[in-house]
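Below: the structure, in structure tokens.
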Amino acid sequence: MISLYGVSKRYNERGSREDQGFEALSSVSLEVGQGEIHGIIGSSGAGKSTLLRMLNGLEKPDDGEVIVNGQHLTRMSENSLRQARRSIGMIFQHFNLVSNRTVSGNVCMPLELAGVSRTERVARGLEVLRFVGLEDKANQYPAQLSGGQKQRVAIARALASRPDVLLCDEPTSSLDPQTTSGILDVLRHVNETLGVTIVLVTHEMEVARKLCNRISVMKEGRIIKTLSEAEVRSIP
Ligand code: ADP
Ligand code: ADP
């Protein structure tokens, strides 16, 4: 479902020469199977977010190939990339909801941008809100919701476009342990019921261990180890 081959990314520090940049990713290769939940773990600055942004084409590698669901993101025009992104959902640590729109308005936004008709938007909006257990909050505003509810809305918004892949960037890092556990249940439900492949970036091994089939460990821009399913299950 997802393949990265020798992906490198260099950021030029201010005032540095072109060739003296700092390497945020160094020749990263990774395969994620269809229906897998793959964790990316590592300390701050390891390159996790940069890697995740590669997977929906928000970031272009200097070297290497990124292929998601048969689509070569690295070789696409901006236009095709916009199209491809519709099959790749993303959620964030701080939810990134639009505060002046209702829950239902937030959830339907990607569908508006994709030109989906109003009737279809309303139907799909309700369907995904029901999926995350928040159909009764459709007309409320983000400020009226708890952190866990906001993240459920963000998950619903990502699902509205019926993605094949869901990218999660520290989705539970702003949440308390009990709420975290609820969000992990929703993500497991998304994976099992809808067959969505999930890549989860976190700095918490406990979160990765509970949800993921396999876990890649990043350090200084490299994947230094990928734990197999058996290895993940044996983490105490
Ligand atoms: P992580 O998600 O593991 O904390 P990041 O991928 O955010 O790591 O960052 C990896 C490294 O790249 C960090 O040192 C970070 O400061 C740097 N970095 C990330 N994005 C940029 C950018 N747009 N410009 C310059 N440096 C960046
Ligand atoms: P988060 O906690 O949301 O991952 P980060 O600090 O890692 O926050 O990154 C926030 C944004 O800032 C990202 O878009 C990233 O690309 C950018 N960024 C991170 N580090 C740097 C840096 N050293 N220089 C420039 N931009 C950076």
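The values are calculated or read from the model by the stated rules, or taken from the named source; none is laboratory data. All values derive from a computational prediction rather than experimental measurement. Cβ sites come from the backbone with ideal geometry, for glycine too, and all protein chains shown count toward neighbours. What goes into the accessible areas is simple: the full protein's heavy atoms, side chains included, and nothing from ligands, DNA or RNA. Shrake-Rupley method; radii C 1.70, N 1.55, O 1.52, S 1.80 Å.
Computed on alpha carbon atoms, what radius of gyration and Dmax characterise the range 78-200, expressed in Å?
Cα-based Rg and Dmax for the range 78-200 come out at 13.5, 41 Å.
Once the dipole of the range 1-98 is set up with Lys and Arg at +1 and Asp and Glu at -1 on Cβ about the Cα centre, which of Gln71, Ile41, Ser3 lies farthest towards its positive end?
Gln71
Provide Rg and Dmax in Å for the range 115-176, with only Cα atoms included in the calculation.
12.3, 38
Identify which of Gly35, Gly105, Gly45 has the largest mean-square fluctuation in a Gaussian network model of the chain, with springs joining Cα atoms closer than 10 Å.
The residue with the greatest mean-square fluctuation here is Gly45.
Send over the Kirkwood Rh of the range 96-135, from the inverse of the averaged 1/r over different Cα pairs, rounded to one decimal Å.
10.3
Relative to the longest principal axis of the chain, what angle (0 to 90°, nearest 10) does the C-alpha long axis of helix 118-131 take?
80
Using only the alpha-carbon atoms, how far is helix 103-113 inclined from the longest principal axis of the chain? Give it as 0 to 90 degrees, nearest 10.
That works out to roughly 60 degrees.
Please compare each pair in Lys150/Lys210; Lys60/Lys150; Lys9/Lys225 to a cut-off of 27 Å on the Cα-Cα distance and tell me which ones are over it.
Pairs exceeding 27 Å: Lys60/Lys150.
Could you tell me how many degrees, from 0 to 90 and to the nearest 10, lie between the Cα long axis of helix 147-160 and the main elongation axis, the longest principal axis, of the Cα atoms of the chain?
90
Quick one: pull the percent of accessible area on the chain belonging to carbon and sulfur, 1.4 Å probe, ligands and nucleic acids left out.
46
Round to the nearest 0.05 the FRET efficiency obtained for Ala123 and His189 when R0 = 22 Å and r is the Cβ-Cβ distance.
In this case the efficiency is close to 0.60.
Less than 13 Å Cβ to Cβ from Ser49, Lys/Arg counted +1 and Asp/Glu -1: what total charge do the surrounding residues give?
Once positives and negatives cancel, what remains is 0.
Using only C-alpha positions, report the orientation-averaged shadow area of the convex hull of the chain, nm², one decimal.
With every direction weighted equally, the projected area is 13.6 nm².
Give me the compactness ratio for the range 1-97, meaning the Cα radius of gyration over 2.2 N^0.38 Å.
This ratio for the range 1-97 stands at 1.13.
What does a probe at Ser29 reach in the range 62-78, counting residues whose amide N is under 20 Å from the point 7 Å along Cα→Cβ?
Answer for the range 62-78: 62-75.
Binning at 10 Å from 0, report for the range 50-108 what percent of all alpha-carbon pair distances ends up in each bin.
Histogram of Cα-Cα distances, whole percents per bin: 20, 44, 27, 9, 0.
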